[in-house]
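Read the structure below first, then the notes.
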Amino acid sequence: MTTTKMQSQDALRSSPGKLHQLHLASMAAPSKSVLFVCLGNICRSPIAEAVFRHVARERGVLDQVDSAATGEWHVGKKPDERAIQCMRDHCVEMDHRARLVRSSDFRHFQYIFGMDEANMRDLRALAPSDSTAQIEMLGSYDPEGKSVIRDPYYVTLLIASSPSTGLVDKFRLERQEYLH
């Protein structure tokens with residue numbers, strides 16, 4: 001295994017900051033629902049979805065997760081081959097077909113995460129008046145403060161793994177607090 005692959009897998013397994021000290025909370029706590037969004041839903045958002053799902057399963061935090069697009073160019077298509085290969089190279093399962101953000105997503109998902117400012121503008125414009133979702137930048141959970149998750153999508157694993165891990169740990173902490 002190459003050093004880069006080992007570093008990527010370590011990034012998926014490690015916890016940023018003090019959250020590393022948390023113990024797994026009971027699954028009786030309320031679950032979270034998360035939607036990751038980018039422009040085409042064939043690169044960044046499906047990678048963020050796959051990484052989040054991988055880390056959540058590994059840490060015993062089973063949350064509902066999906067991804068979607070703000071643009072319709074790739075609806076129904078699989079993720080870009082380079083993104084798929086990147087996930088395979090890092091032993092992260094990805095099974096996805098691109099879809100558009102739906103109005104119902106804003107009521108169904110508790111959290112909707114954009115990858116960049118354009119995604120955030122689009123999400124705010126698409127949000128119906130009865131939206132209950134909290135709309136945030138995924139990068140806001142990056143312990144290094146890199147708020148924007150940019151293309152190129154086939155190197156997004158390393159970019160998305162840290163905020164995804166931070167988000168899983170946030171949910172784990174919330175579950176632990178809920179139980180106490």
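Please treat every number below as a calculation from the coordinates, not as lab data. Being a predicted model, the structure only gives us computed values, none of them experimental. Reconstructed Cβ throughout: ideal geometry from the backbone, glycine too, with neighbour counts over all protein chains shown.
Tabulated data for the structure shown
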| quantity | calculated |
| --- | --- |
| Low-density loop positions, GluC sites (Glu not before Pro), the stretch 105-149 - DSSP coil, at most 10 other Cβ in 10 Å | E144 |
| Gain in span if fully extended, S147 to E72, counting 0.36 nm per residue against the direct Cα distance | 24.5 nm |
